[in-house]
Amino acid sequence: MTSTPATQSADQFMAAAPKSVSGSSPWSTRYASELRRIFHEHAARAPRTLQQHLGPSELGVECDRQVAGKMAAFPATNHVSDPWPSIVGTACHAWAEEAFRGDNLRRGVLRWVAEQKVTPHPDHPGTADLYDAFERAVVDHKFLGESSMAKVRKSPPRKYVVQLLLYGIGYLKLGLPVRRVALAAYPRTAATLDGLYVWDRQLTGEDGQLTAENAALIDSVFSDTARRRQQADQLLVGDLRLDEVPADPDGDECFFCPFYRPEAARNPALLATSCPGTASSTP
(Lines give C-alpha, C1' and ligand atoms only; values in the text may rest on other atoms or scores of the structure.)
Protein backbone atom coordinates (compact mmCIF):
# COMPACT_ATOMS: atom_id res chain seq x y z
CA MET A 1 0.00 0.00 0.00
CA THR A 2 1.37 3.40 -0.94
CA SER A 3 1.91 5.68 2.04
CA THR A 4 0.38 9.15 2.11
CA PRO A 5 1.27 12.27 4.09
CA ALA A 6 -0.15 12.32 7.61
CA THR A 7 -0.78 16.06 7.57
CA GLN A 8 -3.49 18.17 5.99
CA SER A 9 -4.05 21.86 5.53
CA ALA A 10 -6.40 23.90 7.70
CA ASP A 11 -8.69 24.41 4.71
CA GLN A 12 -8.88 20.66 4.10
CA PHE A 13 -9.65 19.99 7.75
CA MET A 14 -12.38 22.63 7.93
CA ALA A 15 -13.96 21.45 4.69
CA ALA A 16 -14.55 18.06 6.32
CA ALA A 17 -15.87 19.44 9.60
CA PRO A 18 -19.57 19.88 10.42
CA LYS A 19 -20.87 23.27 9.32
CA SER A 20 -21.86 25.88 11.89
CA VAL A 21 -25.47 26.75 12.65
CA SER A 22 -26.48 30.37 13.06
CA GLY A 23 -28.93 32.70 14.74
CA SER A 24 -29.88 36.35 15.00
CA SER A 25 -27.80 36.85 18.17
CA PRO A 26 -25.07 35.08 20.16
CA TRP A 27 -27.80 33.51 22.34
CA SER A 28 -29.82 32.23 19.38
CA THR A 29 -26.70 30.86 17.70
CA ARG A 30 -25.85 28.94 20.87
CA TYR A 31 -29.46 27.79 21.13
CA ALA A 32 -29.44 26.57 17.51
CA SER A 33 -26.44 24.40 18.36
CA GLU A 34 -28.33 22.94 21.31
CA LEU A 35 -31.36 22.12 19.15
CA ARG A 36 -29.14 20.45 16.57
CA ARG A 37 -27.43 18.42 19.31
CA ILE A 38 -30.75 16.97 20.44
CA PHE A 39 -31.73 16.00 16.89
CA HIS A 40 -28.35 14.39 16.24
CA GLU A 41 -28.26 12.46 19.52
CA HIS A 42 -31.81 11.19 19.08
CA ALA A 43 -31.10 10.15 15.49
CA ALA A 44 -28.00 8.25 16.65
CA ARG A 45 -30.21 6.21 18.99
CA ALA A 46 -32.97 5.47 16.49
CA PRO A 47 -33.70 1.76 15.94
CA ARG A 48 -32.69 2.05 12.28
CA THR A 49 -29.31 3.48 13.28
CA LEU A 50 -28.68 0.92 16.02
CA GLN A 51 -29.75 -2.18 14.10
CA GLN A 52 -26.91 -4.66 13.67
CA HIS A 53 -28.20 -6.64 10.71
CA LEU A 54 -28.25 -5.35 7.15
CA GLY A 55 -31.62 -5.08 5.46
CA PRO A 56 -32.60 -5.19 1.77
CA SER A 57 -31.83 -1.48 1.40
CA GLU A 58 -28.11 -2.17 1.90
CA LEU A 59 -27.46 -5.46 0.13
CA GLY A 60 -27.42 -3.81 -3.29
CA VAL A 61 -24.69 -1.31 -2.40
CA GLU A 62 -21.85 -1.87 -4.85
CA CYS A 63 -18.98 -1.24 -2.40
CA ASP A 64 -17.65 -4.37 -0.66
CA ARG A 65 -15.83 -2.25 1.91
CA GLN A 66 -18.94 -0.46 3.12
CA VAL A 67 -21.10 -3.58 3.36
CA ALA A 68 -18.44 -5.83 4.91
CA GLY A 69 -17.64 -3.14 7.47
CA LYS A 70 -21.30 -2.90 8.41
CA MET A 71 -21.59 -6.68 8.66
CA ALA A 72 -18.61 -6.65 11.01
CA ALA A 73 -20.39 -3.94 13.06
CA PHE A 74 -17.37 -1.64 12.84
CA PRO A 75 -18.04 1.65 14.68
CA ALA A 76 -18.88 4.63 12.50
CA THR A 77 -16.05 7.06 11.87
CA ASN A 78 -17.91 9.43 9.53
CA HIS A 79 -18.09 12.89 11.08
CA VAL A 80 -19.05 14.68 7.85
CA SER A 81 -22.55 13.47 7.01
CA ASP A 82 -25.63 14.79 8.78
CA PRO A 83 -28.68 12.76 9.90
CA TRP A 84 -31.18 15.40 8.76
CA PRO A 85 -32.16 13.70 5.46
CA SER A 86 -32.73 10.46 7.38
CA ILE A 87 -34.78 12.28 10.02
CA VAL A 88 -37.00 13.84 7.35
CA GLY A 89 -37.29 10.52 5.54
CA THR A 90 -38.33 8.68 8.72
CA ALA A 91 -41.01 11.28 9.45
CA CYS A 92 -42.31 11.15 5.88
CA HIS A 93 -42.45 7.34 5.95
CA ALA A 94 -44.51 7.46 9.15
CA TRP A 95 -46.89 9.97 7.57
CA ALA A 96 -47.19 7.84 4.41
CA GLU A 97 -48.02 4.77 6.48
CA GLU A 98 -50.90 6.64 8.13
CA ALA A 99 -52.08 7.96 4.77
CA PHE A 100 -52.36 4.54 3.13
CA ARG A 101 -53.91 2.90 6.17
CA GLY A 102 -56.36 5.80 6.22
CA ASP A 103 -57.25 5.19 2.56
CA ASN A 104 -58.20 1.61 3.44
CA LEU A 105 -60.55 2.90 6.15
CA ARG A 106 -62.05 5.67 4.04
CA ARG A 107 -62.83 3.31 1.16
CA GLY A 108 -63.77 0.32 3.28
CA VAL A 109 -61.44 -2.06 1.39
CA LEU A 110 -58.07 -3.61 2.15
CA ARG A 111 -55.98 -2.46 -0.77
CA TRP A 112 -52.81 -1.22 0.93
CA VAL A 113 -50.51 -3.16 3.28
CA ALA A 114 -48.06 -0.74 4.85
CA GLU A 115 -44.81 -1.45 6.73
CA GLN A 116 -44.83 -5.23 6.44
CA LYS A 117 -41.92 -7.36 7.67
CA VAL A 118 -40.50 -9.56 4.91
CA THR A 119 -37.57 -11.99 4.69
CA PRO A 120 -36.17 -12.23 1.15
CA HIS A 121 -32.88 -13.59 2.50
CA PRO A 122 -32.77 -15.69 5.70
CA ASP A 123 -30.08 -13.47 7.25
CA HIS A 124 -31.39 -10.14 6.00
CA PRO A 125 -35.04 -9.40 6.77
CA GLY A 126 -36.51 -5.95 6.31
CA THR A 127 -39.66 -3.88 6.29
CA ALA A 128 -41.34 -3.17 2.96
CA ASP A 129 -43.04 0.21 2.69
CA LEU A 130 -46.17 -0.75 0.77
CA TYR A 131 -48.03 -3.54 -1.01
CA ASP A 132 -50.85 -2.72 -3.42
CA ALA A 133 -53.24 -5.68 -3.55
CA PHE A 134 -55.17 -4.22 -6.51
CA GLU A 135 -52.12 -3.77 -8.72
CA ARG A 136 -50.17 -6.66 -7.18
CA ALA A 137 -47.28 -4.28 -6.75
CA VAL A 138 -44.67 -3.64 -4.08
CA VAL A 139 -43.88 0.06 -3.65
CA ASP A 140 -40.93 1.72 -1.93
CA HIS A 141 -41.11 5.37 -0.89
CA LYS A 142 -38.07 7.60 -1.44
CA PHE A 143 -38.11 11.20 -0.25
CA LEU A 144 -35.33 12.80 -2.25
CA GLY A 145 -33.59 16.09 -2.86
CA GLU A 146 -33.35 17.60 -6.34
CA SER A 147 -30.09 15.94 -7.41
CA SER A 148 -31.24 12.48 -6.28
CA MET A 149 -34.61 12.97 -7.99
CA ALA A 150 -32.80 13.76 -11.23
CA LYS A 151 -30.72 10.59 -10.96
CA VAL A 152 -33.79 8.43 -10.34
CA ARG A 153 -35.52 9.91 -13.39
CA LYS A 154 -32.47 9.08 -15.48
CA SER A 155 -31.92 5.59 -14.02
CA PRO A 156 -32.42 4.45 -10.40
CA PRO A 157 -29.23 3.41 -8.58
CA ARG A 158 -28.60 -0.32 -8.53
CA LYS A 159 -29.10 -0.46 -4.76
CA TYR A 160 -32.65 0.91 -5.15
CA VAL A 161 -33.47 -1.67 -7.81
CA VAL A 162 -32.07 -4.50 -5.69
CA GLN A 163 -33.98 -3.27 -2.65
CA LEU A 164 -37.25 -3.31 -4.59
CA LEU A 165 -36.61 -6.78 -5.98
CA LEU A 166 -35.81 -8.11 -2.51
CA TYR A 167 -39.01 -6.65 -1.06
CA GLY A 168 -40.92 -8.23 -3.93
CA ILE A 169 -39.32 -11.61 -3.22
CA GLY A 170 -40.21 -11.17 0.44
CA TYR A 171 -43.86 -10.77 -0.45
CA LEU A 172 -43.71 -13.76 -2.80
CA LYS A 173 -42.41 -15.81 0.12
CA LEU A 174 -45.42 -14.66 2.13
CA GLY A 175 -47.60 -16.24 -0.55
CA LEU A 176 -48.83 -13.01 -2.13
CA PRO A 177 -48.63 -12.36 -5.88
CA VAL A 178 -46.31 -9.61 -7.02
CA ARG A 179 -46.50 -8.57 -10.66
CA ARG A 180 -44.26 -5.53 -10.45
CA VAL A 181 -42.20 -3.38 -8.12
CA ALA A 182 -42.30 0.41 -8.09
CA LEU A 183 -40.16 3.19 -6.68
CA ALA A 184 -42.17 6.25 -5.70
CA ALA A 185 -39.81 9.23 -5.60
CA TYR A 186 -41.23 12.22 -3.74
CA PRO A 187 -39.62 15.70 -4.07
CA ARG A 188 -38.49 16.27 -0.49
CA THR A 189 -37.45 19.89 -0.98
CA ALA A 190 -40.19 21.05 -3.37
CA ALA A 191 -43.24 23.17 -2.50
CA THR A 192 -45.70 20.72 -4.10
CA LEU A 193 -46.00 17.04 -5.04
CA ASP A 194 -46.13 17.90 -8.75
CA GLY A 195 -42.62 16.49 -9.13
CA LEU A 196 -43.62 13.03 -7.87
CA TYR A 197 -42.03 10.39 -10.11
CA VAL A 198 -42.72 6.65 -10.21
CA TRP A 199 -40.33 4.12 -11.72
CA ASP A 200 -41.48 0.50 -12.12
CA ARG A 201 -40.14 -2.85 -13.19
CA GLN A 202 -41.88 -6.12 -13.89
CA LEU A 203 -40.92 -8.65 -11.24
CA THR A 204 -42.54 -11.91 -12.36
CA GLY A 205 -43.74 -13.49 -15.57
CA GLU A 206 -47.09 -15.07 -16.34
CA ASP A 207 -46.02 -18.13 -14.36
CA GLY A 208 -45.58 -16.07 -11.20
CA GLN A 209 -41.83 -16.69 -11.13
CA LEU A 210 -39.05 -14.10 -11.27
CA THR A 211 -38.10 -13.05 -14.78
CA ALA A 212 -34.73 -14.36 -15.95
CA GLU A 213 -33.18 -10.89 -15.65
CA ASN A 214 -34.37 -10.42 -12.08
CA ALA A 215 -33.35 -13.93 -11.05
CA ALA A 216 -29.82 -13.36 -12.42
CA LEU A 217 -29.48 -10.05 -10.56
CA ILE A 218 -30.64 -11.55 -7.26
CA ASP A 219 -28.29 -14.53 -7.67
CA SER A 220 -25.45 -12.05 -8.13
CA VAL A 221 -26.50 -10.07 -5.05
CA PHE A 222 -26.71 -13.19 -2.88
CA SER A 223 -23.29 -14.28 -4.12
CA ASP A 224 -21.91 -10.84 -3.22
CA THR A 225 -23.57 -11.10 0.19
CA ALA A 226 -21.91 -14.45 0.93
CA ARG A 227 -18.50 -13.09 -0.09
CA ARG A 228 -18.96 -9.98 2.03
CA ARG A 229 -19.94 -12.11 5.01
CA GLN A 230 -16.60 -13.90 4.67
CA GLN A 231 -14.81 -10.56 4.48
CA ALA A 232 -16.65 -9.39 7.60
CA ASP A 233 -15.60 -12.54 9.46
CA GLN A 234 -11.98 -11.87 8.49
CA LEU A 235 -12.28 -8.27 9.67
CA LEU A 236 -13.61 -9.43 13.02
CA VAL A 237 -10.67 -11.75 13.72
CA GLY A 238 -8.06 -9.37 12.38
CA ASP A 239 -7.15 -11.37 9.28
CA LEU A 240 -8.19 -8.43 7.12
CA ARG A 241 -7.99 -4.66 7.46
CA LEU A 242 -10.79 -2.42 6.26
CA ASP A 243 -8.57 -0.84 3.61
CA GLU A 244 -7.77 -4.32 2.26
CA VAL A 245 -11.42 -4.90 1.36
CA PRO A 246 -12.10 -3.76 -2.23
CA ALA A 247 -13.87 -0.41 -2.46
CA ASP A 248 -16.10 1.04 -5.17
CA PRO A 249 -16.04 4.78 -4.41
CA ASP A 250 -18.99 6.90 -5.41
CA GLY A 251 -19.41 10.53 -4.41
CA ASP A 252 -22.98 10.30 -3.14
CA GLU A 253 -22.64 6.85 -1.58
CA CYS A 254 -19.34 7.67 0.12
CA PHE A 255 -20.69 10.78 1.83
CA PHE A 256 -23.26 8.77 3.79
CA CYS A 257 -21.04 5.71 4.39
CA PRO A 258 -20.38 5.21 8.12
CA PHE A 259 -16.68 4.67 7.41
CA TYR A 260 -16.12 7.69 5.19
CA ARG A 261 -13.38 9.92 6.57
CA PRO A 262 -11.65 12.24 4.07
CA GLU A 263 -8.52 12.73 6.17
CA ALA A 264 -7.78 8.99 5.89
CA ALA A 265 -6.35 9.84 2.47
CA ARG A 266 -3.61 11.77 4.25
CA ASN A 267 -3.29 9.75 7.45
CA PRO A 268 -2.54 6.03 6.86
CA ALA A 269 -3.14 5.27 10.55
CA LEU A 270 -6.87 5.82 9.97
CA LEU A 271 -7.18 3.32 7.12
CA ALA A 272 -7.69 0.32 9.41
CA THR A 273 -11.10 1.67 10.48
CA SER A 274 -11.91 4.41 7.94
CA CYS A 275 -12.12 4.96 4.20
CA PRO A 276 -11.10 8.10 2.29
CA GLY A 277 -13.81 7.57 -0.30
CA THR A 278 -13.52 10.05 -3.13
CA ALA A 279 -12.38 13.65 -3.14
CA SER A 280 -15.74 14.65 -4.62
CA SER A 281 -17.94 12.99 -2.01
CA THR A 282 -20.89 15.34 -1.48
CA PRO A 283 -24.47 15.05 -0.23
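For the range 214-260, which positions are of a type in the set (Val, Ile, Thr) and buried (at least 17 other Cβ atoms within 10 Å of the Cβ)?
The answer is Ile218, Val221, Thr225, Val245.
Restricting the search to the range 259-283, which residues are hydroxyl-bearing (Ser, Thr, Tyr) and either under 19 Å from Leu240 (Cα atoms) or modelled with pLDDT of 85 or more (or both)? Reasoning before the result, please.
Quick first cut of the range 259-283, residues hydroxyl-bearing (Ser, Thr, Tyr) only: 260, 273-274, 278, 280-282.
Once the filter is applied, which keeps residues that are hydroxyl-bearing (Ser, Thr, Tyr) and either under 19 Å from Leu240 (Cα atoms) or modelled with pLDDT of 85 or more (or both), the range 259-283 yields Tyr260, Thr273, Ser274.
Would you mind telling me which numbered condition in (1) in contact with a helix residue (DSSP H, G or I) (Cβ under 8 Å, 6 or more places away or on another chain); (2) of a type in the set (A, V, I, L, M, F, W, C); (3) open to solvent by 30 Å² or more (accessible area, probe 1.4 Å); (4) in contact (Cβ under 8 Å) with a residue 24 or more places away in the chain Val61 fails?
(3)
Looking only at the range 7-45, count every residue that is in contact with a helix residue (DSSP H, G or I) (Cβ under 7 Å, 6 or more places away or on another chain), at pLDDT below 70 and either within 30 Å of Leu165 (Cα to Cα) or among the aliphatic types (A, V, I, L, M) (or both) and tell me the total.
1
Consider Val198 carefully, then state whether it is hydrophobic (A, V, I, L, M, F, W, C), open to solvent by less than 40 Å² (accessible area, probe 1.4 Å) and at negative phi.
Here the answer is no, as Val198 does not meet what is asked.
Look at Ala182 and say whether it is within 21 Å of Ala212 (Cα to Cα), part of a strand (DSSP E or B) and small (Gly, Ala, Ser).
It is true that Ala182 is within 21 Å of Ala212 (Cα to Cα), part of a strand (DSSP E or B) and small (Gly, Ala, Ser).
Tell me yes or no: at least one residue of the range 164-187 is free of Cβ contacts under 8 Å to residues at least 60 places away in the same chain, among the aromatic types (Phe, Trp, Tyr) and either open to solvent by 50 Å² or more (accessible area, probe 1.4 Å) or farther than 25 Å from Trp84 by Cα (or both).
Yes: the range 164-187 contains one or more residues that are free of Cβ contacts under 8 Å to residues at least 60 places away in the same chain, among the aromatic types (Phe, Trp, Tyr) and either open to solvent by 50 Å² or more (accessible area, probe 1.4 Å) or farther than 25 Å from Trp84 by Cα (or both).
Tell me yes or no: at least one residue of the range 231-245 is part of a loop (DSSP other than H, G, I, E, B) and closer than 20 Å to Gln163 by Cα.
No, there is no match, as no residue in the range 231-245 is part of a loop (DSSP other than H, G, I, E, B) and closer than 20 Å to Gln163 by Cα.
Does the range 121-144 include one or more residues that are part of a loop (DSSP other than H, G, I, E, B), open to solvent by less than 60 Å² (accessible area, probe 1.4 Å), over 26 Å from His53 (Cβ atoms) and modelled with pLDDT under 95?
no
Residues of the range 116-155 being under 16 Å from the mean Cα position of the chain (by Cα) and farther than 20 Å from Val88 by Cβ, which ones?
Within the range 116-155, His124, Pro125, Gly126, Ala128 meet the criteria.
Across the range 150-162, which residue is farthest from Asp219 (Cα to Cα) among those that are open to solvent by 10 Å² or more (accessible area, probe 1.4 Å) and of a type outside the set (D, E, K, R)? Walk me through how you get there before you give the answer.
Filtering the range 150-162 for residues open to solvent by 10 Å² or more (accessible area, probe 1.4 Å) gives 150-151, 153-161.
From what is left, the residues that are of a type outside the set (D, E, K, R) are 150, 155-157, 160-161.
Working: Ala150: 29, Ser155: 21, Pro156: 20, Pro157: 18, Tyr160: 16, Val161: 14 Å.
Taking the candidates together, the pick is Ala150.
So which pairs qualify, if the first residue must be in the range 66-79 and under 15 Å from Asp239 (Cβ atoms) and touching a residue at least 40 places away in the same chain (Cβ under 8 Å), the second must be open to solvent by less than 20 Å² (accessible area, probe 1.4 Å) and of a type in the set (D, E, K, R), the Cβ gap must be under 9 Å, and the two must be at least 6 apart or on different chains?
Filtered contacts from the range 66-79: Ala68/Arg228; Met71/Arg228.
The values are calculated or read from the model by the stated rules, or taken from the named source; none is laboratory data. If you're wondering where the values come from, they're calculated on a predicted model, not measured in any experiment. Neighbour counts run over all protein chains shown; Cβ positions are idealised from the backbone, glycine included. These accessible areas exclude ligands, DNA and RNA; they are computed on the full protein's heavy atoms, side chains included. Shrake-Rupley method; radii C 1.70, N 1.55, O 1.52, S 1.80 Å.
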